[in-house]
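Here is the structure we will look at.
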Amino acid sequence: MRRSIGTGAFVIAAMALGRLITDHVPLDEAADKPFVRTGAVGRGVALEYADVTVTGFHVTPTIMGDPASAAGGRWLVIDTELVARDKPLTMAGFFLVDGQDRRYVASNRGSECATSANLSTGVRTYASICFDIPERALEGARLFATRGQWDSHESEFRRDDLADIDLGITASEVDTLWAQKDAVNVKAVSVMPPSKDRR
């Protein structure tokens, strides 16, 4: 009889603990979230599958190419250096998030702008990601990079590593950046780094 009472008490306690966990820990949400690794311009982010570095960025109304492309707002061109760690892979998810958490997808209107990059193991690969953005998107802008494409549910990179790289753009810099008029010559994805003089 005592054993039955003890077993019953244990079962009730386990059920209460389970209820406490499900009430206070968002299990579904936690299971879907990526592992975010943060960085800044010039400081590499080590992901499980690749190293990602933003080497610089440019703001311009026009990107050169065949043909040249004018932005609806301004082009934010983000230069990246990507290195696959253990095996070849495709990085297919590049998007921009501004200071208000609005999301912008990479544009393919510029013929040389990358929306994905095929990486060979250990080989430095350079890709320029282009975003056609309004002025409000510059302040606090961050580049997100992952191997899975973004969709509305983030299903392609749940529980995967994701780079979140702050471009370091402050409110006081926005007007100056937005006023820049020089066109930027975007280079295709390559193992050769882009020229320091992009114009």
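The values are calculated or read from the model by the stated rules, or taken from the named source; none is laboratory data. For clarity, every value in this text was computed on a predicted model and none was experimentally measured. Heads up: the accessible areas ignore ligands, DNA and RNA and are worked out on the full protein's heavy atoms, side chains in. Shrake-Rupley method; radii C 1.70, N 1.55, O 1.52, S 1.80 Å.
Listed values, structure above:
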item	result
Per-selection Rg to Rh, segment 81-193 - Cα, Kirkwood hydrodynamic radius	0.98
Accessible area of Met192 in the full protein assembly, 1.4 Å probe (Å², nearest 10)	130 Å²
Where Ser172, Ser190, Ser120 fall by accessible area, highest first, once all protein chains stay in place (1.4 Å)	Ser172, Ser120, Ser190
Alpha carbon Rg of segment 43-116, scaled by the compact-globule rule 2.2 N^0.38 Å	1.22
Per-residue ³J(HN,Hα) for segment 112-124, Karplus 6.51 cos²θ - 1.76 cosθ + 1.60, θ = phi - 60°, Hz, x for Gly and Pro	9, 6, 8, 10, 7, 8, 8, 10, 8, 4, x, 9, 5
